[in-house]
Amino acid sequence: MASTVFDSILFRDAFGTPAMRAVFDDNELIRKYVQVEIALAKAEARCGVIPVAAAEEIAACCNGDTLDFDLLRHETEIVGYPILPLVHQISKQAGESGGYVHWGATTQDIMDTAVVLQLRDAFDLVEADIKTLRHALAGLAKRYRDTPMAGRTHLQQALPITFGYKVAIWLDMFDRHAERVAQARPRILVGEFAGAAGTLASLGDKGLAVQKAMMEELGLGVPVSTWHVARDGFAEAVNLLGLITGSLGKIAYDVMIMASNEFGELYEPFVKGRGASSTMPQKRNPISSELMLACAKGVRQNAGLMLDAMVQDLERATGPWHAEWIAIPEAFILAAGALNQAKFMLGGLIVDEKAMLKNLGMTNGLIVAEAVMMGLAPHIGRQDAHDVVYDACRVVNEQGGRLADALNAIPSVASRLQPELIERLTDPANYLGSASQMVDQVLASSARLG
């Protein structure tokens, strides 16, 4: 029976996706081990280290799908690593050429390079999801460019904004994430082949040539130096996911708050039964947002684990290396789950513009007290204007009514500002600043990124 959300029949597609699980599936990992071993043999044949016929036989006969997996598991438990048991089996598959399998390599070379191949596939999925998400966000930002709503700081109404402005901030984050992934690829997608202590000593003067040829076979970057214990590349990969899911968590938090009954401004897409309560028929819980937030927290824990795993001993690590085997697959599966929930949620987000307008007016003009202060400041000075408007706000808070009426009742205001001007100043729709223009800037920048 499954025991975690990653393999659970109930939860696996809430906290991950089939495509990302397939990237980190055991069978796929073993295929990549074999792929790396074949690439090594081909590279060594190209460099004259092993016979060309041997490399051809290794490539033709070695197959990760036909291994004895029970034996592989049993021997891995004994050895502690899967590569020696793997080499035992594929050497037999290669027949007379089996003696040339794994020539000059060490276990970590094969395992690290296989993980890099996994990361390449995983980042392809992440990039595609980010692109879809950016498209959805751009559509929302454009559609609601001029839709006024209350901007909130410290969970209190602060100044008016537009919903398009809010979404543009979300979009700009994911534009940067798209750039980060593209920029990180050359640093992260670098293979490893360095031998027992990282010096390629077993290949004499052919070591670096084989290393280069092997990476060409795999389509990976060639390392400048051995990275057996320099784990910043893998740590960057998972911490990049931490940034991406952190942004998803921020969006989820906003949507959950704005979907509360007291706000009623946003709703996740309607699917019959989704977010339902077993006891309260009226409930419509923001399930995708909740899952996004949970996944973000899980990725953050694994990002910390990867930073911890960077502290490795001497030329080959002990336990820190093993911690990566936990953190990397979990982080990518959780990130895929969060992105998948975000695509669903934002792709069909329901925006209640009437509720936004209603909430914007609930303070009877107090949300634009700054506008009145700045309008009065040229006449009596900024600080005096602040104090006068502050007193008017206190009247509204304690006695009710509109800010415009309270201001008109103050002689020092009424003598300087016409009632029509006060009405304009206290209309939130007239105090949106450069919100709409910022939306335009983000949309233009995002379009250039592609």
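The values are calculated or read from the model by the stated rules, or taken from the named source; none is laboratory data. On a predicted model such as this, the values are computed, not experimentally measured, just so you know. All Cβ positions, even for glycine, are placed from backbone atoms using ideal geometry, and neighbour counts span all protein chains on display. The accessibility values were calculated without ligands, DNA or RNA, using every heavy atom of the protein model including side chains. Shrake-Rupley method; radii C 1.70, N 1.55, O 1.52, S 1.80 Å.
Over all alpha-carbon pairs in segment 136-216, figure out the percentage whose distance exceeds 15 Å.
72
Could you tell me how many degrees, from 0 to 90 and to the nearest 10, lie between the Cα long axis of helix 163-188 and the main elongation axis, the longest principal axis, of the Cα atoms of the chain?
It works out to around 20 degrees.
What's the carbon and sulfur percent of segment 21-174's accessible surface, probe 1.4 angstrom, rounded to a whole number?
The value for segment 21-174 is 53 percent carbon and sulfur by accessible area.
Counting alpha carbon pairs within less than 8 Å and at least 6 residues apart, what relative contact order, in whole percent, applies to the chain?
Contact order relative to length: 19 percent.
Please give the net charge around residue 38, taking every other residue with its beta carbon less than 14 angstrom from that of residue 38, where Lys and Arg add +1 and Asp and Glu add -1.
So the environment of residue 38 carries a net charge of -4.
Ranked highest first by average number of other Cβ atoms within 10 Å, how do 170-178, 26-34, 331-339 line up?
So the peptides 170-178, 26-34, 331-339, ranked by packing, come out 331-339, 170-178, 26-34.
Just the accessible area for residue 81, please: 1.4 Å probe, Å², rounded to the nearest 10?
70
From zero up to wherever the largest Cα-Cα distance of segment 1-155 sits, split into 5 Å bins and tell me the percent of pairs in each.
Spelled out per bin, shortest first, that is 1, 8, 13, 14, 14, 11, 9, 7, 6, 4, 3, 3, 3, 2, 0, 0.
Where does the chain land on Rg(C-alpha)/(2.2 N^0.38 Å)?
1.33
Counting Lys and Arg as +1 and Asp and Glu as -1, what is the net charge of the other residues whose Cβ lies under 15 Å from the Cβ of residue 74?
-4
Ranked highest first by the average count of other Cβ atoms within 10 Å around their residues, in what order do 290-297, 379-386 fall?
290-297, 379-386
Over the alpha-carbon set of segment 265-414, work out the extent along each principal axis and list the three values in angstrom, largest first.
79, 49, 27
So, for segment 114-222, what is the accessible surface per residue at a probe of 1.4 Å, expressed in square angstrom?
42
Give the ranking of 123, 270, 24 by solvent-accessible surface, highest area first, calculated with a 1.4 Å probe.
My answer, sorted largest first, is 270, 24, 123.
Which of the pairs 297/354; 166/297; 142/358 have their Cα atoms more than 25 Å apart in this structure?
Pairs exceeding the cut-off: 297/354.
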